[in-house]
Structures are given as C-alpha cells and as structure tokens.
Amino acid sequence: METIKNILHNAVGTVTPAAQLVVRWRGEVMLDESVGWLDPETRRRPTQPDTLFDMASVTKLFVVTTFMRLVEAGLVALEQPVCTVLPEFSGPRPIQPYEDPVNWGQYVTVMQVGKPAPHTVNTSEIVFRQLLTHTAGLPAWRPLYKQFDADAARQMALATFFACPPNTFVVYSDIGLILLGLAIESLIQTALNTAVATHVTTPLNLHHTCYLPLSPAPAPPCSSALTSNSSLPTPDSNIAPTEHCTWRNRRIVGEVHDENAYRLGGVAGHAGLFSTAGDIAAFGQLYLDGGPPLLHPSTVAEMTRLHTEGLGTRRGLGFLLWSPDPEASSHPFSQRAFGHTGFTGTSLWMDPERDLVVALLTNEVYNGRQNRGIGELRVNVHQAIIDWHRRET
C-alpha cells in the first residue's frame, strides 16, 4: 500500500490540492487515505475522511440507480418513450452542431461517415434506454447556464435539438441525464434531491452524500455573469474547493462546479452531488455485491453489460465499461470493470474479477480546465492498486 500512498501524496501540489482514496477488497476497506489541503495556499486545513468533494458526473450513477428502482417498481420501463413522461420532449427536432462544453465559443459536429444523414429526429421515438446508454443522439452539452432562471434552463433542455441520429454514435450527454432527472421528478412528483435520498443514499446510510451541502437556495436569476460574492461559504467549511469560476466571479466552494447544474438550482441529473470517498466506495460495493438491498441482481447484470457494441465507447446503463485505451482510467482493471468519472477529478470503479472497489476523489479542477493531470493520476493510482492486488493474491 505504500506505493499507492506515495503516488497520492506526490500528487498534492503538483496535480491536485486535495484527494481521498478508499480501496475496498472482498468487501473490506483496505485503504482509506486523505491527503492535501483545503486551503492549499496556507496549508492550514488538511483534507479529512469526511471532507466533501464535488462529485460532478459521478452524480449520474446515483440518479440512474434511482431511476432503475422505479423501473423495478413498475413505474416506468426502459423501452418506454421519454415523451410519455415528459410531453414537452416530443415532435421533430433538427440535427445540428452543438456548443463545445470545454472550448467555449466553438461547436462540435458529429459526423456520420458513409451514410446519408437525416436532417431531423422524431423525438417522440426516443426511449429511456437510449438516455442511459448515451445513444439517443442528444448533444453532449448545451449552455443552460445562460438562461434567466432554473425554469428556463429546464425548458431549454426539453426543447433541445439533436447532434446525430439515434443509435449511430455514443455521444456522452449531460442533457440526457438532465432529462432523466426531470423524468424521475415527474414520475413520483418529488424533487430529485429528495428522490435520490429516499431511494439510494438513506437506505445505504450514506450520510455524507447530498445535494446542496451548504444552502438549499437556488441560483439567482441571471442572463450573463454573476458578480455578487454574497453566497460565499464560511472559510472553515469542510468542502474541497474547485475552480475559480469567471462566470460567477469567485472560487467555488460548497456549490456545484458545473454551470448548468448551478443554473438548475444545484440539483440536476448530471451533476450536483457532494460526497466522500468512503460513501462512494460503499455505494460501489452495492454493485459489486450484485445489487441488494436496492436492486435485483438481474437489474445490475443488465446495467453492467455492453449495450453499445460497434459504437466506439463501451457503455452499460449509466455505467462506463472497461476500455482498451491504455490512457483510460479503467484500463488497469479487468475487462469486466465498470464505473464512472467526474469532471472535477472524481471517479469510482468496480472490478468484479478482482473483487475491488476504488473511489478516488480529487478537486484537480481547482487548477483550471487546461493542461490537466487527472487522467494520468487515475491510471497511476489504479495500476498501483492492481500491482498490490497481484502481490496479495
């Protein structure tokens, strides 16, 4: 374990200000390490095991789990058209380039090589399974944060155009998971944060996992940039800070880093949860154990099998699957591995072949969105864990 710890400690100040790592093997916690500082300039507040990290897209796994519980309860079906739950998401929509979520001001075109491309998609034919596998053809991202308020942002998501025809590419789409969150709210007439708490975090006793860790107040209305610093948290809040947001004009601490999730009031299907590595690893153990007490084993098997054969990225229902790319964070694990990553620098991976759960949380985006080192750090940590596992077995 010393090699793993050294990699993590050496990353402090060079890759990320703070990190937590929990490794579970055969259901037991083998390593629980917290490193770095919540105030990296002064080094006065060390990271603790109960320090909260912005989970970014790892949030999606909790929302998908909530949805699959509703599927098991018979309230909705995977092959059910989304429009039957969200009537606004219907009718013909154009296919066109979408706004680049990283290089703002640029656009992304999804090309269909060698096939005549249709110009529209019949939204009414999109089913929930396609949202969960990112094969609906929806754009990866839209600038919802530019809308006046949360209601306008929701309407923009519901009215979105498409990036490509359904079932032709895997386009990893925040929009699809935002729609899934709205569908959950519509199905059970409950706010998404309450639904996730009721169906996932409370039954699993994940006491550190929540939306809106500091304040339930939604984002104020705004059409461009925010200039007020009135919502800054207290300096001693036990939450890892993320990026200095030029739009909000402040260092982000305790409010969701993702701009679109912020505009949606801090609660969304694609981002917004805060948690600890301990909680996230316990959540991962649920899937490694086959689903009980929340899901049936057959549901977990369906969620973790390959649904995107021939479409490039290997995906299950909600889950990212093992990748043959040596630079992918999953690559050191076995080919049965499944998990997810988050833009802020978080990740969760399960390896059934080795009976491993690995939750690595960082706030690496603290340093900005360019020249990022989180990809290499994940691979190095995961490879060191596999090397340790080989020695142990």
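Annotations for the structure displayed:
- Projecting the Cα atoms of Ala282, Thr299, Val15 onto the charge dipole of the chain, computed from C-beta unit charges around the Cα centre, puts Val15 farthest toward the positive end.
- Using a cutoff of 8 angstrom between alpha carbon atoms and counting only pairs six or more residues apart, the relative contact order for segment 65-188 works out to 32 percent.
- In terms of its Cα atoms, the chain spans 57, 50, 42 Å along the principal axes, sorted from long to short.
- For the chain, averaging the sequence separation of C-alpha pairs within contact (under 8 Å, six or more residues apart) and dividing by the residue count gives a relative contact order of 23 percent.
- Per principal axis, descending, Cα span of segment 1-124 in whole Å: 55, 43, 29
- DSSP H segments from the chain that extend 15 Å or more along their own axis, Cα-based, with Kyte-Doolittle mean of -1.0 or above: 59-72, 174-188, 277-288, 374-392
- Kirkwood radius and radius of gyration were both taken over the C-alpha atoms of segment 127-205, and their ratio Rg/Rh is 1.02.
FYI, it's all coordinate maths here, none of it is from the lab. Predicted model only: the values in this text are computed from it and were never measured. As a convention, Cβ positions derive from the backbone with ideal geometry for all residues, glycine included, and neighbour counts pool all protein chains shown.
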